[in-house]
Amino acid sequence: MTTAIEQTLETYGIENWGAGYFGINRKGNLIVHPSESEGRSADLKEIIEDLHRRGISTPVLLRFPQLVAAQVRKLQRAFRNSIREYEYQGAHMCVYPMKVNQNRAVVEEYLREGSRYDFGLEAGSKAELYGALAFDQAPDSLLVLNGFKDEEFIELAYGGARSGKRVVIVIEKLSELDSILRIAERFEEGDVLPMVGIRVKLYSKGSGRWEKSGGEAAKFGLTTTEILEVIRRLHEADRISMLRLLHFHIGSQLTDIKRIKNAMKEAARVYAKIYQMKIPIDLLDVGGGMAVDYDGSKTAFDSSANYTAQEFANDVVYTIKQVCDDENVPHPTIIQESGRYLSAYHAILVTNVLDEVETVVEDITPIEISEDDPTVVVELGDLRETISVKNYREYYHDALEHRDELFTLFNLGLISLEDRAKGEVLFWDVCERADKYAQQSEYVSEEFTELRRLLRAKYLTNFSVFRSVPDHWAIDQLFPIVPIHRLNKPPTEYATLCDITCDSDGVVDKFVDLHDVKQVLELHSLTKDEPYYIAFMMVGAYQEVMGNNHNLFGAPNEAHIHIDEDGYLIKKVVRGTTIGEALERARYDRSQLHDGFRRQVALRVKRGDMTEAEGARIVEYYESRIDAYTYLSVNGDVSTTKRRRD
Ligand SMILES: *Cc1c(COP(=O)(O)O)cnc(C)c1O
């Protein structure tokens, strides 16, 4: 017998995509484990209620840094196993690409765990490099610099190398080499300088959304002739010993293992050929791209991956070994730049559903049909009374015709607004009944699948798609969405989610499914005066950094959670953007805002449109809101009271 909890686990696919980090407890609440298959857990509903008591309301981004550490261990373990199994002679090291999530807590946790395995950092811009240079890294770990670089970037890289970091400047464009060599002239023989890497443009392409990142037409990387030119110039400047690394990256969320293998083969071959030119190259950087299985389907679908970490590691290690053995060159140290894989799981956005948006007309007062009603209304009334499992298809078609007639008559001025309202209610009643009968039948035809979509509930949810799951809007990326409570009861509604921006794109209407993409999500019915919380899972990679300020909805509140034997510990709370801060980003300033509003009120008071006391009250309220949260607050919500300054 399956219990209700087992059923909801399956409805939401938690065990398919959860990687062992998530589950449901006896209370029916969603829980997080600090590492796969570990007993300790934290109850998300308890955390949200606890935060509420501290004046932190939803939406709130919950960070579980332990999940970053757990992913680091998983990745390291996978490569350690492969290296042992294939008797690979080189080592494996990771450099975390900061662009995936530069948040300090994320990088710190990564380095805390990763330093045990000589994991380092990757920076793709001057600002990221600037941030990276301030972290303590393990002495043997690398700091790899990708992306287009100007002289200032390279100067900063030299500063990093001189300060003791093992910096690798990866050349993306030939002109970068000029700066590297120019600055190198300032140093003596034997001085510690940055290492140089080359990004190669591979013929092989990745798969999935980022296919364009690889292949001949890619934006990045050097062609074969350019690589030879770099080598020539390094020789000429007597700096060939700087060249230590070959790099490639064929895209993010690589869904198909076959493509990865092909790229690996090609890159390993290029590496071997360079080595054979008597160049002391010893690092092969295979880029990032390890995919996260967001929908749990284990397929080459865009939001999934058809391989495990172990399979990925096996293919990388085995392929490089094969090619190097074939070419008779030593096995390089494998550098990997996995970002998404390490950071996706650790962050969860929890927010509240505010209400239901009515799409279909609802019975506000019960409908009475009388003799005097227009024929079309009377006929719709008849359909409603006599629809059954035997005739629902035909009656539904009749209802569609009557609805057209209703609007024609209304537009011709032949029926009243009341008649139209009555007709609409009756029409939707017929639809709901037809839907009920259709769903009972064995085969649901397309028109009734469409009707179901039309009849689904729309849940107005307190968040901005553009801020918190921008990839859902931009590239149709799917994220698992689960209520954090009531999971011991089966969901009864089918719904899509609308966010609170004034943008019709601010919706979530595609959901993860094992075999397909769901058009509606199973959710519970809303109960009055009781919050309904849902969680957007696995939003730790790219979402925060790509999120924007559409409608001036700012960063959500944030809490860092540590899980231990006694449950959870809220280690840190970071307030989300306030109204004042959001406006400052659009170049408003506080005193100008306050002066502006006060001036207008003063004018009204002067004209006698308003008493001085009322004017003062309005101004006071206006000014007090400057530190309020940009998201909606629910009645009696803590955020409606004046916020404390932290
Ligand atoms: C973005 C990027 C990565 C990270 O890719 P993931 O898919 O997050 O692992 C690694 N290397 C380079 C050069 C990148 O541009």
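So if the hydrodynamic radius of the stretch 388-523 is defined as the Kirkwood radius over C-alpha pairs, what does Stokes-Einstein give as its diffusion coefficient at 20 °C and 1.002 mPa s, in µm² per second?
Details: Rh = 17.5 Å.
Answer, rounded: 122 µm²/s.
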*Mind listing the long-range amide H neighbours of GLN89? Cut-off is under 5 Å, sequence gap 5 or more, other chains count too, H placed in the peptide plane at 1.01 Å from N.*
HIS331
*To the nearest Å, what is the center-to-center distance of the stretch 1-67 and the stretch 446-509, using C-alpha atoms only?*
20 Å
*Mean 1/r over all different Cα pairs, inverted: what Kirkwood radius does the stretch 375-453 give, in Å?*
12.8 Å
*Around ARG199, which amide H atoms from residues at least 5 apart in sequence, or from another chain, sit under 5 Å from its own amide H, with H modelled in the peptide plane?*
ILE171, LEU222, HIS247
*Could you work out how far helix 446-455 tilts from the main Cα principal axis of the chain, as a 0 to 90 degree angle to the nearest 10?*
80 degrees
*Please give the helix 65-85 orientation as an angle from the longest Cα principal axis of the chain, in degrees from 0 to 90, rounded to the nearest 10.*
50 degrees
*Can you give the relative contact order of the stretch 214-344 as a percent, counting alpha carbon pairs under 8 Å and 6+ residues apart?*
29 percent
*Can you pull the one-decimal nm distance between simple spin-label points at ASP476 and ASN548, each 7 Å off the Cα toward Cβ?*
2.1 nm
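Exposure proxy check: ARG80, ARG340, ARG599 ranked by fewest other beta carbons within 10 Å? Don't jump to the answer; show the numbers that get you there.
Values: ARG80 14, ARG340 24, ARG599 9.
Sorted ascending by nearby Cβ count, the order is ARG599, ARG80, ARG340.
On full extension of the chain, what length is gained from SER35 through SER591, given 0.36 nm per residue of separation minus the C-alpha to C-alpha distance? Walk me through the intermediate numbers first.
Numbers: separation 556, 0.36 × 556 = 200.16 nm, distance 4.86 nm.
Result for the pair: 195.3 nm of gain on full extension.
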_Just to be sure I understand: if I project the alpha-carbon convex hull of the stretch 1-119 onto a plane and average over all orientations, what area do I get in nm²?_
10.5 nm²
*So for the pair ALA602, GLU229, with labels modelled 7 Å out along Cα→Cβ, what separation do we get in nm?*
6.5 nm
*asked:* Contact order normalised by length for the stretch 331-474, with contacts defined as Cα pairs under 8 Å and 6 or more residues apart; what percent is it?
replied: 37 percent
*When the scattering of the stretch 1-49 is computed by the Debye formula from its Cα atoms alone, each counted once and equally, what is log10 I(q)/I(0) at q = 0.22, 0.27, 0.29 Å⁻¹?*
-0.80, -1.08, -1.16
*Can you give me the relative contact order of the chain as a percent, contacts being Cα pairs under 8 Å and 6 or more apart?*
17 percent
*Acute angle (nearest 10 degrees) that the helix 174-184 long axis makes with the longest principal axis of the chain, alpha-carbon atoms*: 50 degrees
*Sites LYS390 and THR449, calculated FRET efficiency, Cβ-Cβ separation with R0 25 Å, nearest 0.05*: 0.75
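So what is the 222 nm mean residue ellipticity for the chain from helices alone, if each DSSP H run of at least 4 adds -39500 (n - 2.57) and you divide by all residues, rounding to the nearest 500 deg cm²/dmol? Before the final figure, lay out each step's value.
On the way: 22 runs with 258 residues, N = 646.
-12500 deg cm²/dmol, from helical runs alone.
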_Spin-label zone in the stretch 475-503 - amide nitrogen under 20 Å from a point set 7 Å from the Cα of THR2 along the C-beta vector_ = 480-495
_Working only with C-alpha atoms, what are the Rg and Dmax values of the stretch 53-109, expressed in angstrom?_
16.7, 56
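Once you've got the Cα coordinates, tell me which of LYS99/LYS165; LYS27/LYS518; LYS212/LYS278 are over 30 Å apart. Could the numbers behind the result be given before it?
Numbers: LYS99/LYS165 20 Å; LYS27/LYS518 27 Å; LYS212/LYS278 33 Å.
The answer is LYS212/LYS278.
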*If you count, for each residue, the other Cβ atoms within 10 Å and average over each peptide, how do 325-336, 427-438, 386-397, 59-70 line up from highest to lowest?*
59-70, 427-438, 325-336, 386-397
*Extent of the chain along each principal axis, from alpha carbon coordinates, in Å, largest to smallest?*
102, 72, 55
_the chain: antiparallel DSSP beta bridges as a percent of all, rounded to 5_ = 50 percent
*asked:* Modelling each spin label as a point 7 Å along the Cα-to-Cβ direction, I'd like the ASP178/THR375 distance in nm, to one decimal.
replied: 8.5 nm
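Throughout, read-outs are computed from the coordinates displayed, never taken from laboratory work. This one's a predicted model, so the numbers in the text were calculated from it and none came from an experiment. All Cβ positions, even for glycine, are placed from backbone atoms using ideal geometry, and neighbour counts span all protein chains on display.
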